[in-house]
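The values are calculated or read from the model by the stated rules, or taken from the named source; none is laboratory data. Here the structure is a predicted model, which means the values were calculated and not measured. Please note: Cβ atoms are built from the backbone with ideal geometry, for glycine as well, and neighbour counts cover all protein chains shown. In case anyone asks, the SASA skips ligands and DNA or RNA and just uses the protein heavy atoms, side chains included. Shrake-Rupley method; radii C 1.70, N 1.55, O 1.52, S 1.80 Å.
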Amino acid sequence: MTRTLIRARLLSFLREPHGPDDTASFRYIEDGALLIDGGMIRAMGEFSQINAPDATVIDHRPHLVLPGFIDTHLHFPQTQVIASWAAELLDWLSDYTFPEETRYSDPALCAHMASAFLDRLADHGTTTAVAYASVHAASADALFAEALKRDMRLITGKVLMDRNAPDALCDTAQSGYDDSKALIARWHGKGRLSYAITPRFAITSTPDQMTAAQALAVEHPDCYIQTHLSENHAEIALSCQLYPEAVDYTDIYARYGLLGPKSLLGHAIHLSEREIGVLADAGAKPVFCPTSNLFLGSGLFDDAKLRAAGLVNAIASDIGGGTSYSMLQTLAEGYKVLQLQRQRLHPFRAFHWITRGNAMALGLEDRIGTLDAGTEADFVVLNARATPAMAQRMERATTLTEELFALQVMGDDRAIEQTYVAGQPRKAG
Ligand SMILES: [Zn+2]
């Protein structure tokens, strides 16, 4: 296999930036190069310093190369219910999302949509995704198979749901357990794939199913766990009604052993001090989904409060409650959600968050999320002048900070010049 040398401006974070002046938190190389071989980054440095005469040079100057974006929460079977008109979360689920997810019982549809889904992610610069499949094992099979074909790092799992949903979308505690177990055996650890045990949320799982999810978590401690927590008030009230013995929503998951460092909790908006303490003690990871939270009117994620309690927050698109696949647009809306709470999201922290920060939340920062030698060759090529409006804005930009902020606020898939997954260009559109 021939080696490739990617020439561009390079930006990669060494640690989380403390603020706008923390230039020691990243490495920025004006005329940089990445040496790619066998899907891995073998060297990162000044173009003039990397000696690889045999390598094929791909010159992306004057564009900016960053690690590939990591989306830590989205739904594979919801790409065709983005932008569905609904009052709020529970109506949106019953009116649009559940009917749509019933279609994913068809393996042929799943295979077709898996390819389209991963194409859309690549178009938007996302190289790693943590996705919910539908309740059907076939949907997880299709997504894993397509990701394996592309050598993409992907975490997914079939949703567990055995009540409060249409019959066609319900498994049972036993069948959900059996299907998950078979999927783990088939896919977990194969290529760059990992399994996430996926009880959708407390409302759609009986106590028996939660016990089954707990058994899966105990038997497969290296799998992730993903679910939803405290997205909106009606959801919280119904959850607590269904689990009257729990002191609050978080306690439901705690009682079934579902909170730990590998637990990703979508939304985590309306939490008491007690719940925040429980999550922090468990090392669980709240996931901020700004476009979804605004679209469904769910509430404002209190990033500063959770961080002050010691939590590591992830950030995600939450397609299809979320409205954009773009992690740049996710940052743009995230910035505004935090502005409403007088919290500031500086571009250094923002770009750290969707790269190394989300990798840290997944415990994968030694493999993805940076451009370090020895990590997987997932990276994006960004063009801050991609649209006439961006180009006009950039005429007056003189610093890297200004360029990043323009990308963060104005950027979307048009700003993604190319996306490399395991060293291969993957942008379709
Ligand atoms: Zn979600």
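Side notes on the structure shown:
- Qualifying residue in region 236-254 (condition: more than 16 Å from the ligand (Cβ to nearest atom), among the aliphatic types (A, V, I, L, M), touching a helix residue (DSSP H, G or I) at 6+ places or on another chain (Cβ under 8 Å) and open to solvent by less than 10 Å² (accessible area, probe 1.4 Å)): yes
- Residue in region 172-187 that is touching a residue at least 60 places away in the same chain (Cβ under 8 Å), surrounded by 16 or more Cβ atoms within 10 Å (Cβ to Cβ) and closer than 22 Å to A116 by Cβ present: no
- Of the set (1) assigned to a loop (DSSP other than H, G, I, E, B); (2) more than 16 Å from the ligand (Cβ to nearest atom); (3) touching a Leu at 6+ places or on another chain (Cβ under 6 Å); (4) not polar (S, T, N, Q), all apply to I319 but (2).
- Looking across region 62-86 at every residue that is out of contact with any helix residue (DSSP H, G or I) (no Cβ under 9 Å at 6 or more places or on another chain) and more than 30 Å from A196 (Cβ to Cβ), the one that is most open to solvent (accessible area, probe 1.4 Å) is identified as P62.
- Single residue of region 255-277 satisfying the filter (over 19 Å from H233 (Cβ atoms) and crowded, with 19+ Cβ neighbours inside 10 Å) that is nearest to the ligand (Cβ to nearest atom): L264
- Taking the criterion of being among the small types (G, A, S), crowded, with 19+ Cβ neighbours inside 10 Å and either touching a residue at least 60 places away in the same chain (Cβ under 8 Å) or in contact with a helix residue (DSSP H, G or I) (Cβ under 8 Å, 6 or more places away or on another chain) (or both), the only residue of region 214-235 that qualifies is S230.
- Test set (1) open to solvent by 10 Å² or more (accessible area, probe 1.4 Å); (2) at pLDDT 95 or above; (3) charged (D, E, K, R); (4) out of contact with any strand residue (DSSP E or B) (no Cβ under 6 Å at 6 or more places or on another chain) - R344 fails condition number: (2)
Conditions tested, residue by residue: (1) within 30 Å of V421 (Cα to Cα); (2) touching a residue at least 60 places away in the same chain (Cβ under 8 Å); (3) surrounded by fewer than 23 Cβ atoms within 10 Å (Cβ to Cβ); (4) not hydroxyl-bearing (S, T, Y).
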position	(1), (2), (3), (4)
D95	no, no, yes, yes
F98	no, yes, yes, yes
A111	yes, no, yes, yes
H136	yes, no, no, yes
L154	yes, no, no, yes
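- Residue within region 27-41 that is of a type outside the set (S, T, N, Q), modelled with pLDDT of 95 or more, touching a helix residue (DSSP H, G or I) at 6+ places or on another chain (Cβ under 9 Å) and within 30 Å of N232 (Cβ to Cβ) present: no
- The residue of region 143-180 that is nearest to the chain's Cα centre (by Cα), among those that are among the charged types (D, E, K, R) and more than 26 Å from R367 (Cβ to Cβ), is D179.
- Whichever residue in region 383-429 is within 19 Å of K149 (Cβ to Cβ) and of a type in the set (D, E, K, R) and, among such residues, is most open to solvent (accessible area, probe 1.4 Å): R426
- Residue count for region 278-305 under the criterion of being touching a strand residue (DSSP E or B) at 6+ places or on another chain (Cβ under 8 Å), open to solvent by 10 Å² or more (accessible area, probe 1.4 Å) and aliphatic (A, V, I, L, M): the result is 1.
- When the residues of region 295-316 are filtered to those that are within 14 Å of the ligand (Cβ to nearest atom) and aliphatic (A, V, I, L, M), the one that is farthest from L93 (Cα to Cα) is A314.
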